[in-house]
Amino acid sequence: MNILMVCLGNICRSPLAEGIMKTKVPVDYLVDSAGTISMHEGKHPDARAIETAARHGIDISKQRSRPLTAADFEKFDKIYCMDIDVMADVVSKARTEKQRQKVSLFLEVLGDHENAEVPDPYWGGPDEFEHVFQLLKMGCDKIAGQVLL
Ligand code: 4NP
């Protein structure tokens, strides 16, 4: 099972989601993350995301931002998007119905369709990053439960 987490910049939310998800599935699962923009390509995650993960015993410091590619739609079985704008962008890049069906909104796994967006913490402080971490942890727990069945 190959799982891709996608946000806008691939420096805050999806690197955290990747780091958390990796702690929940066997090592032979491929878990990666990408962004819909390439502005931060090659950069490590935002320092606040690195610190938040580290507080929870997870090292995401070696990850590097990369943009989503056409190949991702073939390589990954599940593509989880952090918010509705990201999802719309990702869906617009899918070339077949099969590829489109791999794409979903990350927090929909929790069954709450009203609040299914992981808020962008980029303009926030440590509290926003911690809140995002907790949302991602809940979502990753649920996804792990589904894919490990
Ligand atoms: P992310 O956060 O999508 O969770 O990585 C952001 C990162 C960068 C920007 C916005 C959000 N930005 O505007 O550069």
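Mind running the shape call on the range 1-55? Use the C-alpha gyration tensor, a ≥ b ≥ c as the square roots of the eigenvalues: rounded below 1.5 for a/c, prolate if a/b tops b/c, oblate otherwise. Since a/c reaches 1.5 but b/c is at least a/b, the shape of the range 1-55 is classed as oblate. Only helices enter the 222 nm calculation for the chain: every DSSP H run of n ≥ 4 contributes -39,500 (n - 2.57), and dividing by all residues gives -12000 deg cm²/dmol, rounded to 500.
Quick one: Cα convex hull volume of the range 2-147, Å³ per residue? Walk me through the numbers on the way to the answer.
Working: hull volume 15.3 nm³, N = 146.
Here the figure is 105 Å³ per residue.
Taking every alpha-carbon pair under 8 Å whose residues sit at least 6 apart, the range 1-96 reaches a relative contact order of 37 percent. Loop exposure criterion: GluC sites (Glu not before Pro), DSSP state outside H, G, I, E and B, at most 15 other Cβ atoms within 10 Å. Applied to the chain, the longest stretch between such sites is 42-113. Annotation: aspartates and glutamates with alpha-carbon distance below 16 angstrom to LYS24 (same-chain offsets under eight excluded): ASP32, ASP59, ASP141. Loop-located trypsin sites (Lys or Arg not before Pro) in the range 34-77 (DSSP state not H, G, I, E or B) with no more than 11 neighbouring Cβ atoms inside 10 Å: LYS62.
All of the numbers you see were taken from the coordinates with simple rules; none came from a lab. Just so it is clear, the structure is predicted and the values come from calculations on it, not from any experiment. Neighbour counts are summed over all protein chains in view; Cβ atoms, including those assigned to glycine, are modelled from backbone coordinates with ideal geometry.
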